[in-house]
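A short worksheet on the structure shown next.
The values are calculated or read from the model by the stated rules, or taken from the named source; none is laboratory data. In this text the structure is predicted, and so the values were computed from the model without any measurement. When we count neighbours, we look across all protein chains shown, and the Cβ atoms used for this are built from the backbone with ideal geometry, even at glycine.
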């Protein structure tokens with residue numbers, strides 16, 4: 001099987017960044033099969049990228065290599081004035097233009113590459129091991145101040161795809177950065193959660209899971225979903241059960257409560273934002 005490498009970035013597709021990364025990978029490992037997860041992560045939105053990764057990687061085969069490049073620190077100020085050719089040791093210490101250490105996480109079945117800013121949180125299970133990327137043997141010759149997707153992450157992924165062990169990329173990191181993910185709270189016969197992700201259709205995914213719903217409510221209960229001043233009666237099992245232009249709620253493919261507007265945008269219609277409170281209770 002050809003080595004599989006996925007890309008998740010906030011680069012968009014209007015510029016050449018994604019294409020350049022693919023060229024770097026293919027120069028090192030011509031047999032690599034490169035798949036675009038998305039390049040439409042909101043600029044610098046680490047939490048959104050982490051949620052997309054969490055929802056995506058379980059569907060991929062063993063030995064897949066995932067690159068996630070969403071890093072507000074790129075191009076940021078260093079503790080020391082940077083020379084024209086950035087010091088690789090500063091980058092590895094998190095003091096260079098990358099802002100955060102570049103890392104690789106080797107889980108039991110897959111490999112994850114990105115900045116140590118929490119974007120790889122979902123890959124950090126008890127059996128995973130994280131390593132700094134500080135071995136210039138596996139970087140491009142010149143490291144820019146602003147394009148580490150090209151200069152660090154793409155070549156490292158390609159070398160790992162050729163069979164180089166992740167442990168060759170640098171020393172172990174015992175405490176990689178983890179995001180503090182918001183958790184829905186249960187109280188008696190109610191659940192209080194929040195919107196964690198809004199997709200391009202304007203559908204709003206919450207952190208309220210099907211598992212928590214089954215623990216809180218009886219199958220005979222009629223659930224009311226409240227978001228702002230808006231109330232939704234019950235969960236449907238298909239978008240078609242709501243009339244066009246109306247608001248509904250459903251358990252989506254992530255098994256999370258999702259607020260949607262059929263054939264329209266719930267985000268625009270209800271003026272939704274990530275972090276907004278969503279409450280479930282018995283009607």
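A few points about this structure:
- Candidate set from segment 267-276 (those that are assigned to a helix (DSSP H, G or I) and either at pLDDT below 95 or buried (at least 18 other Cβ atoms within 10 Å of the Cβ) (or both)); member that is nearest to the chain's Cα centre (by Cα): 267
- Conditions (1) part of a loop (DSSP other than H, G, I, E, B); (2) modelled with pLDDT of 95 or more; (3) closer than 22 Å to residue 130 by Cβ: number failed by residue 6: (1)
- Candidates 202, 193: the one that is surrounded by 21 or more Cβ atoms within 10 Å (Cβ to Cβ) and touching a residue at least 12 places away in the same chain (Cβ under 8 Å) is 193.
- Any hit, segment 148-170, residues being within 19 Å of residue 283 (Cβ to Cβ) and surrounded by 16 or more Cβ atoms within 10 Å (Cβ to Cβ): no
- Of all residues in segment 212-232, those being over 12 Å from residue 249 (Cβ atoms) and either more than 23 Å from the chain's Cα centre (by Cα) or at pLDDT below 95 (or both) number 11.
- Within this structure, residue 279 passes the test of being part of a strand (DSSP E or B) and within 27 Å of the chain's Cα centre (by Cα).
- Against the list (1) at pLDDT 95 or above; (2) more than 20 Å from residue 156 (Cβ to Cβ), the condition residue 65 fails is (2).
- Candidate set: segment 253-266, residues that are surrounded by fewer than 19 Cβ atoms within 10 Å (Cβ to Cβ) and in contact with a strand residue (DSSP E or B) (Cβ under 7 Å, 6 or more places away or on another chain); chosen: the one modelled with the highest pLDDT: 262
- Within segment 89-125, tally of residues that are in a helix (DSSP H, G or I) and at pLDDT below 90: 4
- All positions within segment 1-25 that are under 25 Å from residue 59 (Cβ atoms), without any contact (Cβ under 8 Å) to a residue 40 or more places away in the chain and out of contact with any strand residue (DSSP E or B) (no Cβ under 8 Å at 6 or more places or on another chain): 12, 13, 19
- When every residue of segment 26-47 is checked against the conditions, at least one turns out to be crowded, with 22+ Cβ neighbours inside 10 Å, assigned by TED's automatic domain parsing to the domain that holds residue 113, in contact (Cβ under 8 Å) with a residue 12 or more places away in the chain and under 28 Å from residue 255 (Cβ atoms).
The rows are residues; the columns are (1) farther than 30 Å from residue 226 by Cα; (2) touching a strand residue (DSSP E or B) at 6+ places or on another chain (Cβ under 8 Å).
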{"residue": "126", "(1), (2)": "yes, no"}
{"residue": "129", "(1), (2)": "yes, yes"}
{"residue": "133", "(1), (2)": "yes, yes"}
{"residue": "145", "(1), (2)": "yes, no"}
{"residue": "153", "(1), (2)": "yes, yes"}
{"residue": "166", "(1), (2)": "yes, yes"}
{"residue": "171", "(1), (2)": "yes, yes"}
{"residue": "183", "(1), (2)": "no, yes"}
{"residue": "193", "(1), (2)": "no, yes"}
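- Selection over segment 126-165 of residues that are outside any loop (DSSP other than H, G, I, E, B) and over 18 Å from residue 109 (Cα atoms) gives a count of 12.
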